[in-house]
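K.L.:
Before I ask anything, here is the structure I am working with.
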Amino acid sequence: MGVEYKQATLPNGLTVLGEIDPEAHTAACGFFVRTGARDESSDIMGVSHFLEHMLFKGTATRSAADVNLEFDQLGAEYNAFTSNEMTGYWAWVLPENLPAAADLLADIMRPALRDDDFNSERGVILEEIAMYQDMPFSRLYDPAVEAHYKSHPLSNRVLGTTETVSAMTPEQMRAYFDQRYSPDCITVTLAGRIEFDAMTADIKRLCGSWEPTGAQREHPELQRSSVDLTLDDERAARHYYMMIAAAPPIQDESRYAADILAHLIGDSEGSLLYWALVDPGLADEAQFWYDGRDGLGEFYAFASCSPERAEQVETVINDTLAHFLDRVTDDDLERLRNKIATLVTLHGERPAGRMRRLGKLGVYDLPYRTLDEELERIQAVTLADVRAVADAFPLTNTPTTTARLRPQSP
């Protein structure tokens, strides 16, 4: 018996998606919320990520210790994450423990949000912000994205800033939670050896009383213009370069070709930038990737090198982006398609991977495809498809953001 897909929607708008695999030995459950940094006002930037921490600090019936202990007693592998556009909470367990794991997840989705917990956890968040600001990539990425998106909400930092997190109040967090953690913004996903109908009934019992708010995401138009940003940093010992250009949104079917285009140019091994920069030792890192977002998308180039090679490295990157289609063969495309198909298959072999994939489909309202259908879509990408993306979203002679982080001159 193969994998079966089911979905249901509760009267309050909460969506349940499931992939049932009777041959699986485990089961997974996730709660995915259509909210992230882009849905925050500038004065509470970082509240979505802060909330992710707070959901593990206890509920009306469980303390923080109870939450962690119960996950451990279930033998669960569990975690949470926050991005610009979604927040997810999940657990992966033996099938017989899935109802209890769902009960625990549903409970933490209605946290106590106590003032004392808020004030103590604020220090943890501030330490996390400081940790990332010790990393050169973050010191370049954050201002580059802010310059690229300008006043658009995608310019918001997921962690927030020291200033916004320090000024945030528990009341502001509760107001944001009440509006955004609405059942009509939540998708519950189930995968593995599950009883979908029974689990849906459990989720209705646990979450059916939650009141919808009709919260919507804003999609303001992004006014694109070229930006050139150079940051002198006394802590930097290397030269760091980043370029950001427009790409298809995640809802666009050309996302498959965009992803392959990015791998061809800047995969960590065997790509054009790898052979042009990393293999000959001109740069210690050179990557190019595609980031599809809700209604928008971006291509990113990144490289790090010694300061004396900065100009040469940038010249190679610009030349590669301008002429990559002339250097790619059908054999290159087949190799990349097979590599991506392998990664997708490995991810989809485990219920936890299937659960997270369903969460992404639910948050972005993407059509469901089986794993085989997804692989067929990847294998169907041709050089003509890649060229069409490059024509629609050119990497040169178009508004881009170019940013550099370099050692400060003595």
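The values are calculated or read from the model by the stated rules, or taken from the named source; none is laboratory data. As the structure is a prediction and not an experimental result, all values here were calculated from the model. Virtual Cβ from ideal backbone geometry, glycine too; neighbours counted across all protein chains shown.
K.L.:
In this structure, is residue 254 of a type outside the set (Lys, Arg) and more than 22 Å from the chain's Cα centre (by Cα)?
P.N.:
In short, no.
Yes/no matrix, rows are residues, columns are (1) buried (at least 16 other Cβ atoms within 10 Å of the Cβ); (2) not assigned by TED's automatic domain parsing to the domain that holds residue 29:
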| position | (1), (2) |
| --- | --- |
| 183 | yes, no |
| 186 | yes, no |
| 203 | yes, no |
| 235 | no, yes |
| 242 | yes, yes |
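K.L.:
Filter the helices (runs of 4 or more DSSP H) completely within segment 302-410 down to those with at least 1 residues that are modelled with pLDDT of 95 or more, among the charged types (D, E, K, R) and within 21 Å of the chain's Cα centre (by Cα).
P.N.:
Per the criteria, 351-364.
K.L.:
Output the residues belonging to segment 176-197 that are of a type in the set (A, V, I, L, M) and either over 15 Å from residue 36 (Cα atoms) or at pLDDT below 95 (or both).
P.N.:
188, 190, 191, 194
Per-residue answers, yes or no, for (1) free of Cβ contacts under 8 Å to residues at least 24 places away in the same chain; (2) in contact with a Gly (Cβ under 9 Å, 6 or more places away or on another chain); (3) surrounded by fewer than 20 Cβ atoms within 10 Å (Cβ to Cβ):
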position	(1), (2), (3)
254	no, no, no
261	no, no, no
270	no, no, yes
275	yes, no, yes
286	no, yes, no
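K.L.:
From the residues in segment 109-144 that are touching a helix residue (DSSP H, G or I) at 6+ places or on another chain (Cβ under 8 Å) and under 17 Å from residue 234 (Cα atoms), which one is surrounded by the fewest Cβ atoms within 10 Å (Cβ to Cβ)?
P.N.:
130
K.L.:
Considering (1) surrounded by 16 or more Cβ atoms within 10 Å (Cβ to Cβ); (2) of a type outside the set (Phe, Trp, Tyr); (3) part of a loop (DSSP other than H, G, I, E, B); (4) touching a strand residue (DSSP E or B) at 6+ places or on another chain (Cβ under 9 Å), say which one residue 102 fails and leave the rest.
P.N.:
For residue 102, the failing item is (3).
K.L.:
Sort out which residues of segment 43-82 are assigned to a loop (DSSP other than H, G, I, E, B), on the phi < 0 side of the Ramachandran plot and touching a residue at least 40 places away in the same chain (Cβ under 8 Å), and write them in order of number.
P.N.:
Matches in segment 43-82: 45, 55, 56, 57, 60, 61, 62.
K.L.:
From the list 327, 309, which one is among the basic types (Lys, Arg) and touching a His at 6+ places or on another chain (Cβ under 8 Å)?
P.N.:
Answer to the selection: 309.
K.L.:
If you go through segment 64-82 one residue at a time, how many are of a type outside the set (A, V, I, L, M, F, W, C) and surrounded by 19 or more Cβ atoms within 10 Å (Cβ to Cβ)?
P.N.:
Adding up the residues that qualify gives 2.
K.L.:
Considering only residues that are of a type in the set (Val, Ile, Thr) and over 23 Å from residue 343 (Cα atoms), which ones fall in segment 378-407?
P.N.:
Passing the criteria: 396, 398, 400, 401, 402.
K.L.:
Hey, among 85, 96, which residue is at pLDDT 95 or above and surrounded by fewer than 18 Cβ atoms within 10 Å (Cβ to Cβ)?
P.N.:
Exactly one of 85, 96 is at pLDDT 95 or above and surrounded by fewer than 18 Cβ atoms within 10 Å (Cβ to Cβ), namely 96.
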